[in-house]
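S.K.: Encoded as C-alpha coordinates, here's the structure I'll be asking about.
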Amino acid sequence: MRLLAVYATLLASTLVLTNAEQAKAQDSAVDRARALGQKAGTEFEQGHWEEARSLYHQARDLYPAPTLGVREARCLVKLGRLVEAKLIYERVEALPVDAANADPATFKRAQAEAKQELTAVEQRLPYLTVRAEGGARVALTLDGVAIPNATIGMERQIDPGLHSVACTIDDKPIEPIAVTLADSDHRSVVAKLATATTALATTSQPSPA
(Lines give C-alpha, C1' and ligand atoms only; values in the text may rest on other atoms or scores of the structure.)
Protein backbone atom coordinates (compact mmCIF):
# COMPACT_ATOMS: atom_id res chain seq x y z
CA MET A 1 0.00 0.00 0.00
CA ARG A 2 2.83 2.36 0.87
CA LEU A 3 4.51 1.64 -2.47
CA LEU A 4 1.26 2.37 -4.30
CA ALA A 5 0.90 5.66 -2.45
CA VAL A 6 4.46 6.64 -3.32
CA TYR A 7 3.91 5.69 -6.96
CA ALA A 8 0.70 7.72 -7.10
CA THR A 9 2.46 10.73 -5.58
CA LEU A 10 5.32 10.47 -8.06
CA LEU A 11 2.89 10.13 -10.96
CA ALA A 12 0.91 13.17 -9.83
CA SER A 13 4.10 15.18 -9.46
CA THR A 14 5.26 14.13 -12.92
CA LEU A 15 1.95 15.16 -14.46
CA VAL A 16 2.07 18.55 -12.74
CA LEU A 17 5.61 19.13 -13.96
CA THR A 18 4.73 17.98 -17.48
CA ASN A 19 1.71 20.29 -17.64
CA ALA A 20 3.78 23.17 -16.32
CA GLU A 21 6.50 22.52 -18.91
CA GLN A 22 3.93 22.35 -21.70
CA ALA A 23 2.33 25.61 -20.58
CA LYS A 24 5.75 27.25 -20.39
CA ALA A 25 6.64 26.00 -23.88
CA GLN A 26 3.33 27.31 -25.26
CA ASP A 27 3.87 30.70 -23.65
CA SER A 28 7.35 30.81 -25.14
CA ALA A 29 5.99 29.97 -28.60
CA VAL A 30 3.35 32.70 -28.31
CA ASP A 31 5.98 35.23 -27.25
CA ARG A 32 8.23 34.32 -30.18
CA ALA A 33 5.27 34.47 -32.59
CA ARG A 34 4.34 37.90 -31.24
CA ALA A 35 7.90 39.16 -31.72
CA LEU A 36 7.99 37.84 -35.29
CA GLY A 37 4.61 39.41 -35.97
CA GLN A 38 5.80 42.80 -34.75
CA LYS A 39 8.90 42.58 -36.95
CA ALA A 40 6.70 41.53 -39.89
CA GLY A 41 4.46 44.54 -39.30
CA THR A 42 7.45 46.85 -39.64
CA GLU A 43 8.48 45.17 -42.90
CA PHE A 44 4.91 45.46 -44.21
CA GLU A 45 4.74 49.18 -43.44
CA GLN A 46 7.98 49.64 -45.40
CA GLY A 47 6.53 47.84 -48.41
CA HIS A 48 8.73 44.75 -48.02
CA TRP A 49 5.93 42.32 -48.82
CA GLU A 50 7.96 39.10 -49.19
CA GLU A 51 10.00 39.73 -46.04
CA ALA A 52 6.81 40.42 -44.10
CA ARG A 53 5.08 37.35 -45.55
CA SER A 54 7.98 35.10 -44.53
CA LEU A 55 7.98 36.43 -40.97
CA TYR A 56 4.21 36.09 -40.61
CA HIS A 57 4.47 32.52 -41.91
CA GLN A 58 7.13 31.69 -39.33
CA ALA A 59 4.95 33.21 -36.62
CA ARG A 60 1.97 31.13 -37.75
CA ASP A 61 4.08 27.98 -37.53
CA LEU A 62 4.68 28.79 -33.87
CA TYR A 63 1.13 29.94 -33.09
CA PRO A 64 -1.61 29.71 -35.77
CA ALA A 65 -3.54 32.80 -34.72
CA PRO A 66 -6.15 34.07 -37.22
CA THR A 67 -4.64 37.56 -36.98
CA LEU A 68 -1.30 36.28 -38.28
CA GLY A 69 -3.01 34.35 -41.07
CA VAL A 70 -4.91 37.42 -42.28
CA ARG A 71 -1.71 39.47 -42.33
CA GLU A 72 0.21 36.83 -44.25
CA ALA A 73 -2.63 36.64 -46.78
CA ARG A 74 -2.52 40.42 -47.20
CA CYS A 75 1.18 40.18 -48.03
CA LEU A 76 0.39 37.57 -50.67
CA VAL A 77 -2.27 39.83 -52.17
CA LYS A 78 0.31 42.63 -52.40
CA LEU A 79 2.66 40.18 -54.14
CA GLY A 80 -0.06 39.18 -56.64
CA ARG A 81 -0.17 35.60 -55.31
CA LEU A 82 -3.94 35.47 -55.05
CA VAL A 83 -4.31 31.67 -55.17
CA GLU A 84 -2.12 31.26 -52.07
CA ALA A 85 -3.88 34.15 -50.34
CA LYS A 86 -7.25 32.50 -51.00
CA LEU A 87 -6.10 29.26 -49.35
CA ILE A 88 -4.88 31.07 -46.23
CA TYR A 89 -8.07 33.12 -45.91
CA GLU A 90 -10.07 29.87 -46.11
CA ARG A 91 -7.91 28.24 -43.42
CA VAL A 92 -8.30 31.27 -41.16
CA GLU A 93 -12.08 31.07 -41.51
CA ALA A 94 -12.01 27.38 -40.58
CA LEU A 95 -9.90 27.80 -37.40
CA PRO A 96 -11.76 26.96 -34.19
CA VAL A 97 -11.93 29.98 -31.88
CA ASP A 98 -13.35 29.79 -28.37
CA ALA A 99 -12.85 31.12 -24.85
CA ALA A 100 -9.70 29.02 -24.49
CA ASN A 101 -7.89 31.21 -27.01
CA ALA A 102 -5.73 34.08 -25.81
CA ASP A 103 -7.98 36.76 -27.34
CA PRO A 104 -11.18 35.25 -28.78
CA ALA A 105 -12.75 38.63 -29.62
CA THR A 106 -9.72 39.71 -31.66
CA PHE A 107 -9.49 36.29 -33.31
CA LYS A 108 -13.16 36.35 -34.32
CA ARG A 109 -12.74 39.85 -35.73
CA ALA A 110 -9.79 38.57 -37.79
CA GLN A 111 -11.95 35.75 -39.13
CA ALA A 112 -14.63 38.25 -40.17
CA GLU A 113 -11.94 40.25 -41.98
CA ALA A 114 -10.71 37.05 -43.65
CA LYS A 115 -14.20 36.31 -44.94
CA GLN A 116 -14.60 39.80 -46.38
CA GLU A 117 -11.15 39.89 -47.96
CA LEU A 118 -11.58 36.37 -49.36
CA THR A 119 -14.61 37.57 -51.31
CA ALA A 120 -12.55 40.39 -52.82
CA VAL A 121 -9.76 37.98 -53.79
CA GLU A 122 -12.19 35.54 -55.40
CA GLN A 123 -13.62 38.35 -57.53
CA ARG A 124 -10.13 39.22 -58.79
CA LEU A 125 -8.91 35.70 -59.60
CA PRO A 126 -8.36 34.94 -63.30
CA TYR A 127 -9.13 31.53 -64.83
CA LEU A 128 -7.14 29.62 -67.43
CA THR A 129 -8.10 26.56 -69.49
CA VAL A 130 -5.31 24.55 -71.15
CA ARG A 131 -5.99 21.97 -73.87
CA ALA A 132 -4.05 20.05 -76.52
CA GLU A 133 -5.10 18.82 -79.97
CA GLY A 134 -3.62 16.72 -82.76
CA GLY A 135 -2.06 13.72 -81.06
CA ALA A 136 -2.55 10.73 -78.79
CA ARG A 137 0.17 11.35 -76.18
CA VAL A 138 0.12 14.73 -74.48
CA ALA A 139 2.31 16.25 -71.76
CA LEU A 140 1.47 19.80 -70.67
CA THR A 141 3.15 22.09 -68.15
CA LEU A 142 2.08 25.42 -66.71
CA ASP A 143 4.92 27.56 -65.38
CA GLY A 144 7.10 24.45 -65.35
CA VAL A 145 4.65 22.35 -63.32
CA ALA A 146 3.08 19.31 -64.97
CA ILE A 147 -0.67 19.45 -65.55
CA PRO A 148 -2.26 16.08 -64.68
CA ASN A 149 -3.94 14.54 -67.72
CA ALA A 150 -7.21 14.26 -65.80
CA THR A 151 -7.35 18.05 -65.42
CA ILE A 152 -6.42 19.00 -68.99
CA GLY A 153 -9.25 21.06 -70.45
CA MET A 154 -10.53 22.09 -67.02
CA GLU A 155 -10.72 25.73 -66.02
CA ARG A 156 -8.32 26.52 -63.19
CA GLN A 157 -7.77 29.49 -60.91
CA ILE A 158 -4.45 31.22 -61.49
CA ASP A 159 -2.64 34.34 -60.37
CA PRO A 160 -2.78 37.48 -62.52
CA GLY A 161 0.30 38.17 -64.60
CA LEU A 162 2.57 36.38 -67.04
CA HIS A 163 2.46 32.59 -67.37
CA SER A 164 4.10 30.04 -69.65
CA VAL A 165 2.52 26.94 -71.18
CA ALA A 166 4.69 24.22 -72.72
CA CYS A 167 3.67 20.96 -74.34
CA THR A 168 4.80 17.83 -76.12
CA ILE A 169 2.40 15.95 -78.37
CA ASP A 170 3.37 12.45 -79.45
CA ASP A 171 6.85 13.23 -78.08
CA LYS A 172 7.18 16.31 -80.33
CA PRO A 173 7.80 19.58 -78.45
CA ILE A 174 5.50 22.52 -79.07
CA GLU A 175 6.94 26.04 -78.92
CA PRO A 176 6.07 27.45 -75.45
CA ILE A 177 3.63 30.32 -75.27
CA ALA A 178 3.48 33.22 -72.86
CA VAL A 179 0.02 34.28 -71.75
CA THR A 180 -0.74 37.27 -69.57
CA LEU A 181 -3.90 37.37 -67.48
CA ALA A 182 -5.49 40.41 -65.90
CA ASP A 183 -7.81 40.35 -62.90
CA SER A 184 -11.00 38.34 -63.55
CA ASP A 185 -9.82 37.16 -67.00
CA HIS A 186 -11.08 33.90 -68.48
CA ARG A 187 -8.58 32.65 -71.07
CA SER A 188 -7.90 29.45 -73.03
CA VAL A 189 -4.66 28.05 -74.41
CA VAL A 190 -4.75 25.31 -77.06
CA ALA A 191 -1.60 23.42 -78.05
CA LYS A 192 -1.83 22.07 -81.62
CA LEU A 193 0.41 19.72 -83.58
CA ALA A 194 0.64 20.97 -87.15
CA THR A 195 1.92 19.04 -90.14
CA ALA A 196 5.07 21.03 -90.83
CA THR A 197 5.27 23.39 -87.91
CA THR A 198 4.01 23.43 -84.38
CA ALA A 199 1.86 26.15 -82.95
CA LEU A 200 0.07 27.27 -79.84
CA ALA A 201 -3.16 29.24 -80.05
CA THR A 202 -4.74 31.37 -77.37
CA THR A 203 -8.28 32.63 -77.18
CA SER A 204 -9.94 35.07 -74.86
CA GLN A 205 -13.38 34.74 -73.37
CA PRO A 206 -15.35 37.67 -72.00
CA SER A 207 -15.19 38.01 -68.27
CA PRO A 208 -18.46 37.16 -66.55
CA ALA A 209 -20.53 40.19 -65.64
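The values are calculated or read from the model by the stated rules, or taken from the named source; none is laboratory data. Quantities reported herein were computed from a predicted structural model and do not represent experimental measurements. Glycine gets a Cβ as well: all are built from the backbone with ideal geometry, and neighbour counts include every protein chain shown. Please note that ligands, DNA and RNA were not included when accessible areas were found on the heavy atoms of the full protein model with its side chains. Shrake-Rupley method; radii C 1.70, N 1.55, O 1.52, S 1.80 Å.
S.K.: What number comes out for the charge environment of ALA40, summing +1 per Lys or Arg and -1 per Asp or Glu over other residues with Cβ under 12 Å away?
M.R.: +1
S.K.: Please give me the summed charge of the neighbours of ALA85: other residues whose Cβ is under 12 Å from its Cβ, Lys and Arg +1, Asp and Glu -1.
M.R.: My count for the surroundings of ALA85 gives +2.
S.K.: So, one more: Computing the accessible area with a 1.4 Å probe over protein heavy atoms, can you report the carbon and sulfur percentage for the range 33-122?
M.R.: 50
S.K.: Here is a follow-up. What aspartates and glutamates sit close enough to LYS172 to cross-link, taking a C-alpha to C-alpha distance under 17 Å and skipping anything fewer than 8 places away on the same chain?
M.R.: Result set, ordered by chain and number: GLU133.
S.K.: Continuing with the same structure: Enumerate the lysines that LYS78 could reach by cross-link, defined here as Cα to Cα under 22 Å, with residues fewer than 8 away along the same chain left out.
M.R.: LYS39, LYS86, LYS115
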